[in-house]
Amino acid sequence: GRATVSWNRHGPMLALLAGAFLLRAALVLVTDAYTYDEGCLFSWALRMADVGPAGFYAPDHFADYPPGYMLVLWLVGRLMQAFGLAYTQKSAALLMALVPILCDLGLAALVYAIGQKNLGRRAGLWLAALAAFCPAFLFDSAVWRQIDGVLRLCMAGAFGCWSKSGLYPLRFCT
């Protein structure tokens, strides 16, 4: 029936994304992040939760990130407070890494969509697997717990949109 067709069409990609997510979650739970950056992110998240965006930037508080990602950290800080999570808990580390991890998965899905449209479903799946299990991306978002995955997804999406507009020679990709 229809469910079988849907699973046959989307099942491999969903399984790939689930596997990539589980691997990243496991890496978060068994590794220690880059201590200085993790401390800053948790400090900023909890400060955002306490004082909100209007009171966040102050002369007596170190913050060298622009306001955009601070809104994500505000949500993380609020969730940490709501669930009573301390920054030393692995569940808090997983929560902090969740947005970059989801963006890594979004990048893999975007690569799949572009690849399958232009090269076929099988090639799109292989390209998505390369993006989903790229060691540099895995290490960056799940071990070091950096936010570069957010920027990677935004850049890839922008290039995809730009190429569709005909303003850039990447048009053959989308």
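The values are calculated or read from the model by the stated rules, or taken from the named source; none is laboratory data. Keep in mind it's a predicted model, so treat the numbers as computed, not measured. In this analysis, Cβ positions are derived from the backbone assuming ideal geometry, glycine residues included, and neighbour counts consider all displayed protein chains. For accessibility, only protein heavy atoms count, side chains too; no ligands or nucleic acids. Shrake-Rupley method; radii C 1.70, N 1.55, O 1.52, S 1.80 Å.
Data overview
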{"item": "Cβ-Cβ under 8 Å pairs, at least 6 apart or on other chains, the range 132-145 side on the phi > 0 side of the Ramachandran plot, far side in a helix (DSSP H, G or I)", "result": "ARG145/VAL28; ARG145/ASP37; ARG145/GLU38; ARG145/LEU41; ARG145/ALA93; ARG145/MET96; ARG145/ALA97; ARG145/PRO100"}
{"item": "Answer from GLY52, GLY68 - the residue that is at positive phi, surrounded by fewer than 18 Cβ atoms within 10 Å (Cβ to Cβ) and in a helix (DSSP H, G or I)", "result": "GLY52"}
{"item": "Any chance GLY77 is open to solvent by less than 30 Å² (accessible area, probe 1.4 Å), in a helix (DSSP H, G or I) and modelled with pLDDT of 95 or more", "result": "yes"}
{"item": "For TYR65: the one exception among (1) in contact (Cβ under 8 Å) with a residue 12 or more places away in the chain; (2) more than 30 Å from LEU130 (Cβ to Cβ)", "result": "(2)"}
{"item": "Checking THR88 against (1) out of contact with any Pro (no Cβ under 8 Å at 6 or more places or on another chain); (2) in a helix (DSSP H, G or I), the condition it does not meet", "result": "(2)"}
{"item": "Residue ID - nearest to TYR69 (Cα to Cα), chosen from residues in the range 95-113 that are over 11 Å from the mean Cα position of the chain (by Cα) and surrounded by fewer than 22 Cβ atoms within 10 Å (Cβ to Cβ)", "result": "LEU95"}
